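S.K.: Below are the structure tokens for one structure; questions will follow.
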Amino acid sequence: MGRSRISFAFVTLTLAVLFAVSLADDDVVVLTEANFETEVGQDRGALVEFYAPWCGHCKKLAPEYEKVGASFKKTKSVLIGKVDCDEHKSLCSKYGVSGYPTIQWFPKGSLEPKKYEGARTAEALAEFVNTEGGTNVKLAAVPSSVVVLTPESFDQVVLDESKDVLVEFYAPWCGHCKHLAPIYEKVANAYKLEEDVVVANVDADKYKDLAEKYGVSGYPTLKFFPKGNKAGEDYDGGRDLDDFVKFLNEKCGTSRDTKGQLTSEAGIVASLDALVKEFVSASNDERKQVLSRIEEEVDKLTGSAARYGKVYLKAAKSCLDKGTDYAKNEIQRLQRMLEKSISSSKADEFIIKKNILSTFAA
């Protein structure tokens with residue numbers, strides 16, 4: 001089989017796995033025209049938010065609604081879902097949605113909704129669902145991935161030269177800060193498995209001396225403290241999740257998407273890729289010589305690149321010992337493992353191995 005066909009199959013399988021994982025990680029079920037009537041109006045009651053991505057009120061509701069989703073996630077008799085009305089206009093029109101967000105309750109076995117008119121807080125929504133659904137679920141405490149800094153911990157975390165640190169200086173009363181909060185939490189979640197990347201915040205209203213030290217005069221102020229510049233540099237990029245992820249990937253050398261999943265670039269080392277191309281096209285005798293050069297290059301690497309280099313080296317030796325089909329067979333084995341219920345850290349490990357093995361698949 002040609003390399004291009006294997007690469008295409010590899011990419012397709014990887015995207016399928018990442019899509020499945022992203023759905024599994026969501027506490028709120030994403031509803032579409034295709035799955036709405038298979039999920040809603042069946043054997044469980046459903047609370048559905050009809051929203052628009054650009055809607056300010058929807059963005060404000062998002063963290064509260066996520067708490068409700070997390071709390072009821074394991075309750076089989078209740079579904080917490082949402083519909084993007086920009087993407088599914090006909091579905092929203094069908095249920096009389098004319099403003100955003102609109103929240104409706106669909107009783108078990110019914111597609112005739114009851115509009116929710118209560119407060120847009122997690123507590124009020126949970127009470128409503130418990131009443132309508134006959135449940136007694138308490139709100140779950142949603143752990144935060146944002147590192148909370150104080151004057152005592154600031155230097156220890158931010159000035160650590162082994163870490164790249166993004167810091168938000170905020171004030172609890174600041175409207176822009178409240179708007180940023182759910183987005184910033186998603187940024188922290190996306191990088192929680194990156195040992196060298198820290199997403200943190202500090203209450204600059206409470207710790208005014210600390211804010212003044214770093215020239216903070218408005219809220220929120222975001223500063224990036226890379227490994228090589230602990231004086232800090234202003235973050236002047238966009239405030240959407242995509243903007244933060246793009247910035248951190250470029251600055252930290254990471255390869256995460258907005259869901260925190262590794263991309264197809266994760267684990268790839270350019271200098272080793274060039275040698276792998278020589279290795280793949282060489283004869284068996286020549287491959288031994290190229291392997292020696294790969295070993296030399298791996299010895300020069302540092303940090304995460306050194307870890308990835310060991311995977312390259314192991315793959316090259318296995319290809320030499322086990323033949324040309326090794327990479328293809330190992331990719332398929334890892335794919336089967338990824339389709340099982342595994343931890344996020346283990347999924348990272350397998351995706352990196354697959355990405356590197358794909359360079360050997362000829």
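The values are calculated or read from the model by the stated rules, or taken from the named source; none is laboratory data. Given the structure is predicted, the values throughout are model-derived calculations rather than measurements. Counting neighbours? That spans all protein chains shown, and the Cβs are built from the backbone with ideal geometry, glycine included. We work out accessible area using only protein heavy atoms, side chains counted, and drop any ligands, DNA or RNA first. Shrake-Rupley method; radii C 1.70, N 1.55, O 1.52, S 1.80 Å.
S.K.: Name the single residue that is least open to solvent (accessible area, probe 1.4 Å) among those in the stretch 184-226 being among the basic types (K, R) and not in a loop (DSSP other than H, G, I, E, B). Step through it out loud before you land on a result.
M.R.: Here is the first cut: in the stretch 184-226, the residues among the basic types (K, R) are 186, 192, 206, 208, 213, 223.
Filter once more, keeping what is not in a loop (DSSP other than H, G, I, E, B): 186, 208, 213, 223.
Numbers: K186: 99, K208: 118, K213: 131, K223: 25 Å².
Among those residues, the one meeting the criterion is K223.
S.K.: Let me ask something else. Only one of V157, V148, V137, V187 is β-branched (V, I, T), touching a residue at least 24 places away in the same chain (Cβ under 8 Å) and within 20 Å of N229 (Cα to Cα). Can you tell me which? Before the answer, list the steps.
M.R.: Numbers: V148 fails: within 20 Å of N229 (Cα to Cα); V137 fails: within 20 Å of N229 (Cα to Cα); V187 fails: within 20 Å of N229 (Cα to Cα).
Result: V157 is the single residue among V157, V148, V137, V187 that is β-branched (V, I, T), touching a residue at least 24 places away in the same chain (Cβ under 8 Å) and within 20 Å of N229 (Cα to Cα).
S.K.: With respect to Y235, is the statement that it is in contact with a strand residue (DSSP E or B) (Cβ under 8 Å, 6 or more places away or on another chain), among the hydroxyl-bearing types (S, T, Y) and either open to solvent by 30 Å² or more (accessible area, probe 1.4 Å) or modelled with pLDDT under 95 (or both) true? Give the derivation first.
M.R.: Values: in contact with a strand residue (DSSP E or B) (Cβ under 8 Å, 6 or more places away or on another chain): yes; among the hydroxyl-bearing types (S, T, Y): yes; either open to solvent by 30 Å² or more (accessible area, probe 1.4 Å) or modelled with pLDDT under 95 (or both): no.
No; evaluated as a whole, the condition is false for this residue.
S.K.: Quick test for you: out of D164, D160, D155, D86, pick the one residue that is touching an Asp or Glu at 6+ places or on another chain (Cβ under 7 Å) and either of a type in the set (K, R) or closer than 30 Å to F244 by Cα (or both).
M.R.: Details: D160 fails: touching an Asp or Glu at 6+ places or on another chain (Cβ under 7 Å); D155 fails: touching an Asp or Glu at 6+ places or on another chain (Cβ under 7 Å); D86 fails: touching an Asp or Glu at 6+ places or on another chain (Cβ under 7 Å).
Testing whether each residue is touching an Asp or Glu at 6+ places or on another chain (Cβ under 7 Å) and either of a type in the set (K, R) or closer than 30 Å to F244 by Cα (or both) leaves just D164.
S.K.: Right, something else. Can you pull out the residues in the stretch 276-294 that are of a type outside the set (F, W, Y) and either crowded, with 17+ Cβ neighbours inside 10 Å or not assigned by the TED database to the domain that holds I356 (or both)?
M.R.: Here is the first cut: in the stretch 276-294, the ones of a type outside the set (F, W, Y) are 276-278, 280-294.
Scanning the stretch 276-294 gives V276, V280, R287, V290, L291, I294.
S.K.: Let me ask another. State whether the residues of the stretch 57-68 include one that is outside any helix (DSSP H, G or I) and either modelled with pLDDT under 90 or more than 30 Å from L357 (Cβ to Cβ) (or both).
M.R.: Applying the first criterion (outside any helix (DSSP H, G or I)) to the stretch 57-68 yields none.
Scanning the stretch 57-68, I find no residue that is outside any helix (DSSP H, G or I) and either modelled with pLDDT under 90 or more than 30 Å from L357 (Cβ to Cβ) (or both), so the answer is no.
S.K.: On to the next question. For the stretch 190-220, give me each residue that is out of contact with any Gly (no Cβ under 6 Å at 6 or more places or on another chain) and touching a residue at least 60 places away in the same chain (Cβ under 8 Å).
M.R.: Result: Y191, K192, L193, E194, D196.
S.K.: Do you know which residues across the stretch 146-173 are in a loop (DSSP other than H, G, I, E, B), of a type outside the set (D, E) and surrounded by fewer than 17 Cβ atoms within 10 Å (Cβ to Cβ)?
M.R.: T150, L159, S162, P172, W173
S.K.: In the stretch 105-132, which residue that is aromatic (F, W, Y) and assigned to a strand (DSSP E or B) is surrounded by the most Cβ atoms within 10 Å (Cβ to Cβ)? Quick ask: steps written out before the conclusion?
M.R.: To start, the set of residues in the stretch 105-132 that are aromatic (F, W, Y) comprises 105-106, 116, 128.
Narrowing further to those that are assigned to a strand (DSSP E or B): 105-106.
Numbers: W105: 19, F106: 24.
Here the residue is F106.
S.K.: A further question follows. Would you call D242 under 16 Å from A190 (Cα atoms), of a type outside the set (S, T, N, Q), assigned to a helix (DSSP H, G or I) and open to solvent by 50 Å² or more (accessible area, probe 1.4 Å)?
M.R.: Values: under 16 Å from A190 (Cα atoms): yes; of a type outside the set (S, T, N, Q): yes; assigned to a helix (DSSP H, G or I): yes; open to solvent by 50 Å² or more (accessible area, probe 1.4 Å): yes.
Judged against the criteria, D242 is a match.
S.K.: Would you confirm, using the coordinates I've provided, whether E297 is open to solvent by 30 Å² or more (accessible area, probe 1.4 Å), in contact with a Leu (Cβ under 7 Å, 6 or more places away or on another chain) and outside the structural domain of D236 (by the TED database)? Spell out how you get there, then give the answer.
M.R.: Details: open to solvent by 30 Å² or more (accessible area, probe 1.4 Å): yes; in contact with a Leu (Cβ under 7 Å, 6 or more places away or on another chain): yes; outside the structural domain of D236 (by the TED database): yes.
Criteria met by E297.
S.K.: Of all residues being open to solvent by 30 Å² or more (accessible area, probe 1.4 Å) and outside any helix (DSSP H, G or I) in the stretch 313-340, which is nearest to V280 (Cα to Cα)? Just the residue, please.
M.R.: Of everything passing the filter in the stretch 313-340, T324 is nearest to V280 (Cα to Cα).
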